[in-house]
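Single-structure report; data block below.
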């Protein structure tokens, strides 16, 4: 199945990837090839087949609703690109 | 030859016994490997980070604790490496990506914690395909890894650095991860033993996620016995990974010496059809005959939907990766672009600059497959076909105890040969991916060399949680043969 450059641009936006215009054609070609490979699936009869969500058919294990994590804010923020007073900094969002 | 010159020829058990009987110290064993890394890594590029100083500090501590009798376990005093996607506290953990090139992990992965507590010595972090996406170790942002058996060839991937590390004896054991074949395929290309246990057998806490319904970690080492010893330390329930399975962990070394007489081995006819290299097929046939001569019963089985595994995988894995990798946003950790003009620009440029092409391709495919209007046609359909693939295995295991076949259709290919053709690269994994989709345990062990002089591995697939049986079978084979002890001459 073909995917157009416009669609690739839209997908890149959804995926938060700033694909430059000059790379768009190459990406589109590669994605088309992958979708062609995947398209074999459309010919398979899967009527009544339950989608397989977990390899072992197990349910997500739940834990008690109690605090298990201790505060590691400083340790975790030490690897952040930009922090101030214990807060992560991003460009201004609200004027 | 002094003792230090031969430490790298020992098994895990040999190293353990050596340090516990005082033949050599943990420091001597550690230095022996560090020296080999210094000597051979520039050629192989198998390590991204070598933790020389912390390894030596750990060695001093462990020597002391062994002397005091505090540490006696099978991993006590044994050096090891980790694929660079296991978080290790205070050590750079890159996932072979520019996104994480400066990321110093603030905590240990579950398996890193286990090996540390058991008295292992971390030598460093192995190169890999970026975020474990690749089959040749050529997508690494830290350069490709070379295969010790022929340095013009790839070592396989994504755990290619680990496989090269073991093949050249730059560590006696490393942990890899396998999503679609990333332990088994490089193990085959590099003449080593590696096992991907059943989905959920080992906690993935602190293992950087690629595709969460598939990812599983496992040991890579020269022998099945080394893998069994390691699995004993790392397998089991961990409350921090909600997919970690609450089932008792057997002693994986207990049944290594059991006889394989009467073992029913299934050969999937689809794995021996067109596409399998004739020379690889000949090596596989010879090994099957060896099993037969030792009393195994060989039966043909069929996995009629296995040809659909690669297409299913390239929906499921990218879909899950697009979700998992959304955490890399340039805000909390990882690469951040210069001078973002607004929040969207910060996300889009940080991610574009931080990720390599293969990772971005997969994120886009996954985003597309999950987007409104396409979800049913792609993701749901793939999950349905995935069940058909699993049912094929269930039917096969009614007649046989284990399944055997090639791990890969060919021996190691040339560096650059498939780099620009993602589809050709994806098809490398056609024998390993079905096993991953079913969540079954799979392993590779060395069975000889093709006429091109390159190693061939046998893939062995067991039923769910049958790792002990699989390790037993591979161990038995390694009692009759010495392929697994062979090392390329220039790294001997």
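Every number here is computed from the coordinates shown, using simple stated rules; none is lab data. Computed from a predicted model, the values in this text were never measured in an experiment. Methodologically, a virtual Cβ is constructed for each residue, glycine included, from the backbone with ideal geometry; neighbour enumeration extends over all protein chains shown.
So, in Å, what gap is there between the alpha-carbon centers of region B:384-447 and region B:83-130? Between the Cα centres of region B:384-447 and region B:83-130 lies a distance of 27 Å. The order of B:361, B:286, going from fewest to most other C-beta atoms within 10 Å of their C-beta, is B:286, B:361. The Rg/Rh ratio for region B:1-67 is 0.98, where Rg is the radius of gyration of the alpha carbons and Rh is the Kirkwood radius. Peptide A:66-77 is shielded by partner chain Cβ atoms: per residue, an average of 1 of them sit within 10 Å of its Cβ. Of A:38, A:49, A:83, the residue with the greatest mean-square motion in the GNM of chain A, using alpha carbon springs below 10 Å, is A:83. When peptides B:332-340, B:414-422, B:318-326 are sorted by average Cβ neighbour count within 10 Å, with the highest value leading, the order is B:318-326, B:332-340, B:414-422. Counting, for every residue in A:41-50, the Cβ atoms of other protein chains within 10 Å of its Cβ and taking the mean gives 5. In percent, how large is the relative contact order of chain B, given Cα pairs closer than 8 Å and 6 or more residues apart? This gives 18 percent for chain B.
With Cα atoms defining each centre, region B:16-34 and region B:195-224 are spaced 28 Å apart in the structure.
Is the shape of region B:398-492 best called rounded, prolate or oblate, per the rule: a/c under 1.5 gives rounded, else a/b larger than b/c gives prolate, else oblate, with a ≥ b ≥ c the square roots of the Cα gyration tensor eigenvalues? Cα axes put region B:398-492 in the oblate bin. Report the residues of region B:371-408 in range of a label on residue B:299: point 7 Å along Cα→C-beta, backbone N strictly under 14 Å from it. In region B:371-408, the label zone of residue B:299 (backbone N under 14 Å from the point 7 Å along Cα→Cβ) covers B:393-404. Summary of packing: across the peptides B:125-133, A:13-21, the per-residue average of other C-beta atoms within 10 Å ranks them, highest first, as B:125-133, A:13-21. Most simply put, region B:3-256 has about 60% antiparallel DSSP beta bridges, counting only bridges with both residues inside it. Put simply, region B:200-324 fits an ellipsoid with semi-axes of 30, 25, 13 Å; these come from the alpha carbon gyration tensor as the roots of five times its eigenvalues, largest first. Please list, in order, the residues from region B:377-411 whose amide nitrogen is less than 12 Å from a point placed 7 Å along the Cα→Cβ vector of residue B:272. Output list for this probe position: B:404-406. Computed from Cα positions, the angle between helix A:21-38 and the longest principal axis of chain A comes to roughly 60 degrees.
Here is the tail figure for region B:145-217: Cα pairs spaced more than 14 Å apart come to 55 percent of all pairs.
Between residue B:399 and residue A:5, the FRET efficiency estimated from the beta carbon spacing at R0 = 45 angstrom works out to 0.35.
Under 1.5 on a/c is rounded, so check that first for region B:3-256, then, if it is not, pick prolate when a/b is larger than b/c and oblate when it is not; a ≥ b ≥ c are the square roots of the alpha carbon gyration tensor eigenvalues. Verdict is rounded for region B:3-256.
For B:20, A:72, B:484, what ranking results if the residue with the fewest other Cβ atoms within 10 Å of its Cβ goes first?
Ordered by Cβ neighbours within 10 Å, fewest first: A:72, B:20, B:484.
Once the chain from residue A:58 to residue A:42 is taken as fully extended at 0.36 nm per residue, the excess over their C-alpha distance is 3.0 nm. What separates the Cα centres of region A:49-85 and region B:133-188 is a distance of 29 Å.
Each stretch of four or more DSSP H residues adds -39500 (n - 2.57); spread over every residue of chain B, this sum gives -11000 deg cm²/dmol at 222 nm. Across peptide B:363-372, the mean count of Cβ atoms from other chains lying within 10 Å of each residue's own Cβ comes to 6. Over region B:312-358, the ratio between the Cα radius of gyration and 2.2 N^0.38 Å evaluates to 1.28. Ranked by the mean number of other Cβ atoms within 10 Å of their residues, highest first, the peptides B:190-199, B:461-470, B:243-252, B:344-353 fall in the order B:190-199, B:461-470, B:344-353, B:243-252.
Taking chain A as a Gaussian network of alpha-carbon nodes connected by springs under 10 Å, the highest mean-square fluctuation of the residues A:25, A:43, A:80 belongs to A:80.
Only DSSP H runs of four or more residues enter the estimate; each adds -39500 (n - 2.57), and after division by the residues of chain A the mean residue ellipticity at 222 nm equals -10500 deg cm²/dmol.
Roughly how large, in nm² to one decimal, is the mean projection of the convex hull of the alpha-carbon atoms in chain B?
22.2 nm²
Of all beta bridges that DSSP places with both ends in chain B, some 65 percent have antiparallel geometry. A Förster distance of 22 Å, applied to the separation of the beta-carbon atoms of residue B:259 and residue B:9, puts the FRET efficiency at 0.20. Residue exposure proxy: B:480, B:149, ordered by other Cβ atoms within 10 angstrom of their Cβ from fewest to most, comes out as B:480, B:149. Thinking of the protein assembly as shown as a set of Cα atoms, what percent of all their pairs are more than 36 Å apart? Here the long-distance tail beyond 36 Å is 32 percent of all Cα pairs in the protein assembly as shown. Across all directions, the shadow cast by the convex hull of region B:318-422 built on its C-alpha atoms averages 10.8 square nanometres. Considered as an equivalent ellipsoid built on the Cα gyration tensor, chain A has semi-axes of 38, 30, 11 Å, the largest given first. Sequence-distant contacts, meaning Cα pairs under 8 Å at least 6 residues apart, place the relative contact order of region B:3-256 at 18 percent.
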